[in-house]
Amino acid sequence: MHFKKRSNTFLGFALLVITLLTLGCQMFKPIEVTKVVGFKVAESKGFGVTLETKLELVNPNRGTIRITSADIEVWMEGQVLGKLILPEEFTLSPNTPEVISCHMDIPLTVLISSGKNMMRKLKSGSFQVQLKGSVKAHYRLFKKHIDIDTKHLVEL
């Protein structure tokens, strides 16, 4: 009788371990940035400019992903404009496009060094930006580190 109880406990533990390992090894698809929806000046300060933008994101996985932090740089014409600041924490439902509001601080030094080129791009009404960086997320029971490197045309 005592042997049977120990055997059931071992079997339950083994099933739990196999289940966790299977979930951890599932194919995880990275989050897709499908669209960058414009930039607008939110605030102009003596040391730079704060731009607001919106990103359309899609979670191609079967489960909900909770984004806990992000470190993403915005590039234009081979120059870093600034860091994209996302909401502190948000969730992405599976296979549903979601628009996330975020902002970016562009230092005065970057505005001065890229001034004429950047103004020409902004006046044209559209320009291409590249988002490079990483996102930390929780997917099911696991923490994931997702790299982002994508280019998008921004229409003003």
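Label sites at R120 and K45, each approximated as a point 7 angstrom past Cα along Cα to Cβ, lie 3.0 nm apart.
Ranked highest first by average number of other Cβ atoms within 10 Å, how do 97-110, 55-68 line up? Mind dumping the intermediate values first?
Details: 97-110: 15.4, 55-68: 17.1.
Ranking, from highest mean packing down: 55-68, 97-110.
For region 83-92, backbone phi angles converted through the Karplus equation (6.51, -1.76, 1.60; θ = phi - 60°) give residue-by-residue couplings of 8, 7, 10, 8, x, 3, 7, 8, 10, 10 Hz, Gly and Pro being listed as x. Here the gap between S93 and T109, fully extended at 0.36 nm per residue and compared with their Cα-Cα distance, gives a gain of 1.9 nm.
Its residue count N fixes a reference of 2.2 N^0.38 Å for region 28-155, and the Cα radius of gyration divided by that reference is 1.10.
In a shell of Cβ-Cβ distance under 9 Å around T91, excluding T91 itself, what net charge do Lys and Arg (+1) and Asp and Glu (-1) give? The partial results should precede the final answer.
On the way: positive: R66; negative: E89, E98.
Counting the neighbours of T91, the net charge comes to -1.
FYI, it's all coordinate maths here, none of it is from the lab. Fair warning: this is a prediction, and the values are worked out from it, not measured in the lab. FYI the Cβ positions are ideal-geometry reconstructions off the backbone, even for glycines, and counts take in every protein chain you see.
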